There are 4 protein chains.
Amino acid sequence: MVEAHSMRDGVAALSATAAFNAWAGFEVVDAADGRAELKLPWRADLGQYAGFLHAAMIGGMIDTACGFAAFTLSGRVLASHISVNCLAPAAGDAFVARARVVKAGRRQVFAHAELFALRGDEEHLVATGDVILVPLASGADAAPANGDTARSRADASAR
Amino acid sequence: MVEAHSMRDGVAALSATAAFNAWAGFEVVDAADGRAELKLPWRADLGQYAGFLHAAMIGGMIDTACGFAAFTLSGRVLASHISVNCLAPAAGDAFVARARVVKAGRRQVFAHAELFALRGDEEHLVATGDVILVPLASGADAAPANGDTARSRADASAR
Amino acid sequence: MVEAHSMRDGVAALSATAAFNAWAGFEVVDAADGRAELKLPWRADLGQYAGFLHAAMIGGMIDTACGFAAFTLSGRVLASHISVNCLAPAAGDAFVARARVVKAGRRQVFAHAELFALRGDEEHLVATGDVILVPLASGADAAPANGDTARSRADASAR
Amino acid sequence: MVEAHSMRDGVAALSATAAFNAWAGFEVVDAADGRAELKLPWRADLGQYAGFLHAAMIGGMIDTACGFAAFTLSGRVLASHISVNCLAPAAGDAFVARARVVKAGRRQVFAHAELFALRGDEEHLVATGDVILVPLASGADAAPANGDTARSRADASAR
């Protein structure tokens, strides 16, 4: 078992290697024991027409938080299904996604996340989501299931 | 019925007002009669760990294309559910999302989209998705269903 | 506010009017304040190939429990989206679905449910699910959104 | 490659071994090459409150048709995710689900289905759905991923 603090640091280092995560400004607040918390300060260029958080970012935060939660139990994973319920307009000074693994199977990991908008001292639930992730095993299993890609198997396994 | 060319121009103008869409570089290829096509040239800062298109952008393209398809039939809409299947690593020189309305109800619009990666002359299906959208009616119905937001009702109706 | 006991009785009476619910043997254990619990004793004719609970019954219990939970807050509702994660083989002496409303909006109600298999004294989580429901308002709104049906508006509103 | 006619017969024989399928009256119209068609004549005990097809049967037909379509390409499979959009009240003399495999991966099979209500000579689209299925490999892989079940591995592999 990796110690919780170093697990958070490891996940933060992993996140920093993803160019989109770096641009977005995702902050890994916590990651350990099948759970992860991700924070995103609001910026105008994250918004849609009305100045609310764009659905891409809502789904992206849920996907990323679930992926980190799964990573703490199952190592490298690949998201195969993402489902998002938008409950209320995503307006706030910052956003926090809290994810937990519901079931860590050998073939599939099921994770659930809630997304909160922070407004002053209050948290408002604005979205929920579920993600199904496929653990990337070592050796012959390391390539994505359907990987007819221009990039290499080694790259694919690191998705 | 709005003429198809001006509908595409109207949707492109709408897209330009969303800061995230402008940053991402979404191009409205077509939008008319319950269908929409959205293109996104690849850039490194759209990528995840392995250099594939980030799940946020996969979901964001599907959500945006479905929203534009719904807009051509039902006017302003609000996405309430987004479901995405990631079929293969999203690697390509550009990406195209093609959306169509499956059912335009008075209370809910159901839309479906396919996302293709362009590699040279070939298109590869990398994801599919479904979006449920709520039409924003005029008058008292113009605010989001669950809109306890810091922003105004007028803004909310424009999401 | 209806008293909790009579709410459960009212939901049980409602359930008894649905022919499939009566055949299946759904028991309304509880229903009040945005929550509902539904029980189903195992019978061989509820099974699939291997003798586990059929996916139709897994989805049916989740849909029904979520509908009852929504009913306690929003009255008659119509399910528009059902999403089910099958976490483990559904084998047990009986099954219990516990549902709660996540957000009761004016246009859409979002509910979540967990399905447990009972084996002796233990409960095992075998599935989770989310359901989006549309409240059926009075008057002109009472018909289903997309109701080009052979049956009457009055019937449709009671779905 | 199995000849199409005997594939349909094989799937029909498989369906007959599922007690719920037999009770429901599922008819395997066709099954070959990643596609399947399933028919269900209407009966009153398949109905919900208003006499429409119960959501359990809507989801059950979509799940079963997708499972049969996947079986023609990947052999025995296990459904892990089921998503259903209810587009219109499911009223008809009979119902037909048409499923096709969207992507047959080694780890996951993605299938899509449409459900039609037959009224006289007309077909009406009443629901769509997506199912993710996990192929059950031979040997050590034959047990369900999360199979802490009271029943045997051999049974589980036949789900």
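In this structure, does A:Ala97 turn out to be out of contact with any strand residue (DSSP E or B) (no Cβ under 9 Å at 6 or more places or on another chain) and aliphatic (A, V, I, L, M)? For A:Ala97, the condition - out of contact with any strand residue (DSSP E or B) (no Cβ under 9 Å at 6 or more places or on another chain) and aliphatic (A, V, I, L, M) - is not met. If you go through region A:22-41 and keep only what is surrounded by fewer than 19 Cβ atoms within 10 Å (Cβ to Cβ) and within 14 Å of chain B (Cβ to nearest Cβ), you end up with A:Ala22, A:Trp23, A:Gly25.
Say whether the condition of being free of Cβ contacts under 8 Å to residues at least 24 places away in the same chain and either of a type in the set (D, E, K, R) or more than 13 Å from chain B (Cβ to nearest Cβ) (or both) is met by at least one residue in region A:118-129. Yes, the conditions are met somewhere in region A:118-129.
Let's see how each residue does on (1) among the polar types (S, T, N, Q); (2) over 11 Å from the mean Cα position of the chain (by Cα); (3) surrounded by fewer than 24 Cβ atoms within 10 Å (Cβ to Cβ):
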{"residue": "D:Gly60", "(1), (2), (3)": "no, no, no"}
{"residue": "D:Ala65", "(1), (2), (3)": "no, no, no"}
{"residue": "D:Ala70", "(1), (2), (3)": "no, no, no"}
{"residue": "D:Ser83", "(1), (2), (3)": "yes, yes, no"}
{"residue": "D:Cys86", "(1), (2), (3)": "no, yes, no"}
{"residue": "D:Ala104", "(1), (2), (3)": "no, yes, yes"}
{"residue": "D:Gln108", "(1), (2), (3)": "yes, yes, no"}
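Please determine whether any residue of region B:37-59 is touching a helix residue (DSSP H, G or I) at 6+ places or on another chain (Cβ under 9 Å), within 22 Å of C:Ile82 (Cβ to Cβ), modelled with pLDDT of 95 or more and of a type in the set (D, E, K, R). Checking region B:37-59: not a single residue is touching a helix residue (DSSP H, G or I) at 6+ places or on another chain (Cβ under 9 Å), within 22 Å of C:Ile82 (Cβ to Cβ), modelled with pLDDT of 95 or more and of a type in the set (D, E, K, R). Selection of region C:54-72 for residues being out of contact with any strand residue (DSSP E or B) (no Cβ under 6 Å at 6 or more places or on another chain) and of a type in the set (A, V, I, L, M) yields C:Ala56, C:Met57. Consider region D:88-102 and keep the residues that are closer than 19 Å to D:Ala56 by Cα and among the aliphatic types (A, V, I, L, M). The one that is surrounded by the most Cβ atoms within 10 Å (Cβ to Cβ) is D:Ala99.
Being in contact with an Asp or Glu (Cβ under 9 Å, 6 or more places away or on another chain), more than 7 Å from chain A (Cβ to nearest Cβ) and crowded, with 24+ Cβ neighbours inside 10 Å is a property that does not hold for B:Ala56.
Considering (1) in contact with a strand residue (DSSP E or B) (Cβ under 7 Å, 6 or more places away or on another chain); (2) closer than 30 Å to A:Gly10 by Cα, the lone condition that B:Ala50 does not fulfil carries the number (1). B:Ala99 passes every criterion in (1) modelled with pLDDT of 95 or more; (2) facing chain A (nearest Cβ under 10 Å); (3) under 22 Å from D:Lys103 (Cβ atoms) apart from (2). Regarding C:Val84, is this residue within 22 Å of B:Ile82 (Cβ to Cβ), in contact with a Leu (Cβ under 6 Å, 6 or more places away or on another chain) and either among the β-branched types (Val, Ile, Thr) or more than 8 Å from chain D (Cβ to nearest Cβ) (or both)? No, not satisfied. Test C:Ser74 against the criterion of being buried (at least 24 other Cβ atoms within 10 Å of the Cβ) and within 14 Å of chain B (Cβ to nearest Cβ), and give yes or no. Taking the combined requirement at face value, the residue does not satisfy it. Within region B:90-124, being closer than 14 Å to B:Phe68 by Cβ and β-branched (Val, Ile, Thr) holds for B:Val96, B:Val101, B:Val109.
The values are calculated or read from the model by the stated rules, or taken from the named source; none is laboratory data. Model, not experiment: these values are computed from the prediction. Cβ: placed from backbone, ideal geometry, glycine included. Neighbour counts: every protein chain shown.
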